[in-house]
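The structure appears right after this line, and notes come after that.
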Amino acid sequence: MSVFWNKRTVNLTPYVPGEQPKDRKFIKLNTNENPYPPSPKVIEAIEQALAITSQGKDSRAKGDKLRLYPDPLCTEFREVVAAAYGVKPSQVFPGNGSDEVLGFVFGAFFETPEKESVTTHSILFPDITYSFYPVYADLWNIPYKTIPIGEDFSINLNDYSAGSGGVIISNPNAPTGRDLPASDLLQLARKLEQNNRVLVVDEAYAVFGAQSLVPHINDHPNLLTVHTLSKSASLAGLRVGFAIGSEELIAGLFRVRDSFNSYTMDALALAGGSAAVLDKSYYETINQKVIATRETTVIGLKAMGFTVIPSKANFLFVTYPGISGQALFQSLRDKGILVRHFNKPRIADYLRVSIGTGEDMDTFLSACRETIELPGN
């Protein structure tokens, strides 16, 4: 605390990211990073963005382009995304990772109401979901209501059809990995449209098995999908995200962004992000490997007696009877494997396990077997 902080800063509870270790080498299965390297074409594009430029007698040094601001409209990147997803460039909003895009989403579409209308303006999201959502709501002073998910971690969208200030759903959900059918989400979008409310579908993990709603964007002006290249394109270190929606929604996001910073994507991210979106075949290959490894890991965990929540993401949500989540987390950490433990009601005995390479997951399964076979477990 500081006497110089304002009331907003004092009252915030910031998002806590997964551990990024510096003291020793771990098998990192805690932050949902893709275990495979990005496309070689991404590296080539970044190198070209730094290349020597020559115009007649005017030869400039390598990296000279970095003295110039990047394109604030991110034109080429938006054109590439639009072509890949079958929409118009004016329906694409670029950002410095999907977290930044989500921050702008909360500011653009969810209201800070007068006290007497808090109930009808409260936005809705599951009580177990991406823990950045309540952080954004608090930052923007937006009232919200969390909807309890089922004992099996399923989401019933009928619970979201009452009057509200809008809805945000992660599909697949994080940290559980469960997905929702597109038909159910589209039905919810229609109900919200009647009240001029927005449905935001966070598709950070959709590429690993869920149905994307992008093909339905033109039929639902209140539907916005949010995407990241961190997981699907092995670019967590580059920070590239985007949203796809109606032109009016995208225009609203630009209004909010340009009230903060018109240059949220740097030149290297724009070059690398465009190359990643273009190299569809490379990423289809490695992400199918992630999916196959996920299913093999499920079989191995269930054979040991673990409960595994059905997942369409690049992670699994698991628990073992008789061993607390904290104890299992610590045992794996001691063996050099990092997973994610959320010490929260209902999920304190679960671990979220990112899918690594086949070798990584074999090591993980062996470590799990050693832990559950210890005397007293």
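The values are calculated or read from the model by the stated rules, or taken from the named source; none is laboratory data. Just so it is clear, the model here is predicted, and its values are computed rather than measured. Because the Cβ atoms are built from the backbone with ideal geometry, glycine has one as well, and the counts that use them run over all protein chains shown. Ligands, DNA and RNA are stripped out before the accessible areas are found, and what is left, the full protein with its side chains, is counted by its heavy atoms. Shrake-Rupley method; radii C 1.70, N 1.55, O 1.52, S 1.80 Å.
Does the stretch 277-291 hold any residues that are open to solvent by less than 40 Å² (accessible area, probe 1.4 Å), within 27 Å of residue 63 (Cβ to Cβ) and in a helix (DSSP H, G or I), and which are they? Residue satisfying the conditions is 277 alone. Against the list (1) open to solvent by 20 Å² or more (accessible area, probe 1.4 Å); (2) in contact (Cβ under 8 Å) with a residue 60 or more places away in the chain; (3) more than 18 Å from residue 232 (Cβ to Cβ), the condition residue 176 fails is (1).
In the stretch 311-329, the residues that are in contact (Cβ under 8 Å) with a residue 24 or more places away in the chain and open to solvent by 10 Å² or more (accessible area, probe 1.4 Å) form Cβ pairs under 6 Å with partners that are assigned to a loop (DSSP other than H, G, I, E, B) and among the hydrophobic types (A, V, I, L, M, F, W, C), at six or more places apart or across chains, as follows: 312/210; 320/306. Picking from residues in the stretch 242-256 that are open to solvent by less than 10 Å² (accessible area, probe 1.4 Å) and of a type in the set (Gly, Ala, Ser), the one that is nearest to the chain's Cα centre (by Cα) is 243. Restricted to the stretch 17-29, and to residues there that are under 20 Å from residue 132 (Cα atoms) and without any contact (Cβ under 8 Å) to a residue 24 or more places away in the chain, the residue that is most open to solvent (accessible area, probe 1.4 Å) is 20.
Under 23 Å from residue 210 (Cβ atoms) and in a loop (DSSP other than H, G, I, E, B), is that true of residue 235? Spelling it out, residue 235 is indeed under 23 Å from residue 210 (Cβ atoms) and in a loop (DSSP other than H, G, I, E, B).
Residues checked against (1) among the β-branched types (Val, Ile, Thr); (2) part of a loop (DSSP other than H, G, I, E, B); (3) open to solvent by 10 Å² or more (accessible area, probe 1.4 Å):
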| residue | (1), (2), (3) |
| --- | --- |
| 153 | no, yes, no |
| 169 | yes, no, no |
| 172 | no, yes, no |
| 180 | no, yes, yes |
| 186 | no, no, yes |
| 189 | no, no, no |
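Across the stretch 191-212, the qualifying residues are those that are more than 16 Å from the chain's Cα centre (by Cα) and in a loop (DSSP other than H, G, I, E, B), and the one among them that is surrounded by the fewest Cβ atoms within 10 Å (Cβ to Cβ) is 196. For the stretch 53-84, taking the residues that are in contact with a Phe, Trp or Tyr (Cβ under 9 Å, 6 or more places away or on another chain) and open to solvent by 70 Å² or more (accessible area, probe 1.4 Å), the one that is modelled with the lowest pLDDT is identified as 69. Just one of (1) open to solvent by 20 Å² or more (accessible area, probe 1.4 Å); (2) at positive phi; (3) under 22 Å from the mean Cα position of the chain (by Cα) fails for residue 135. It is (2).
Candidates are the residues of the stretch 155-164 that are at pLDDT 95 or above and not in a helix (DSSP H, G or I); the one that is nearest to the chain's Cα centre (by Cα) is 155. When 274, 262 are checked against the criterion of being hydroxyl-bearing (Ser, Thr, Tyr), open to solvent by less than 80 Å² (accessible area, probe 1.4 Å) and not in a helix (DSSP H, G or I), 262 stands alone in meeting it.
Being in contact with a helix residue (DSSP H, G or I) (Cβ under 7 Å, 6 or more places away or on another chain), open to solvent by less than 10 Å² (accessible area, probe 1.4 Å) and among the basic types (Lys, Arg) is a property that does not hold for residue 239.
Checked against (1) over 30 Å from residue 307 (Cα atoms); (2) under 23 Å from the mean Cα position of the chain (by Cα), residue 146 meets all criteria but (1).
Against the list (1) among the hydroxyl-bearing types (Ser, Thr, Tyr); (2) modelled with pLDDT under 95; (3) more than 30 Å from residue 80 (Cα to Cα), the condition residue 350 fails is (2).
Can you list residue pairs whose Cβ atoms sit under 8 Å apart, with the first residue in the stretch 276-304 being within 30 Å of residue 44 (Cβ to Cβ) and the second being basic (Lys, Arg) and surrounded by fewer than 17 Cβ atoms within 10 Å (Cβ to Cβ)? Count only pairs 6 or more apart in sequence or on different chains. From the stretch 276-304, the pairs are 276/41; 278/41; 279/41; 282/41. List the pairs whose first member sits in the stretch 205-229 and is of a type in the set (Phe, Trp, Tyr), whose second member is open to solvent by 40 Å² or more (accessible area, probe 1.4 Å), and whose Cβ atoms are under 7 Å apart, counting only residues at least 6 apart or on separate chains? From residues that are of a type in the set (Phe, Trp, Tyr), the pairs are 208/312. Note on the stretch 239-257: residues that are under 21 Å from residue 271 (Cα atoms) and either free of Cβ contacts under 8 Å to residues at least 60 places away in the same chain or among the small types (Gly, Ala, Ser) (or both) amount to 2.
Scanning the stretch 335-372 for residues that are out of contact with any helix residue (DSSP H, G or I) (no Cβ under 9 Å at 6 or more places or on another chain), open to solvent by 80 Å² or more (accessible area, probe 1.4 Å) and at negative phi turns up 344, 345, 359.
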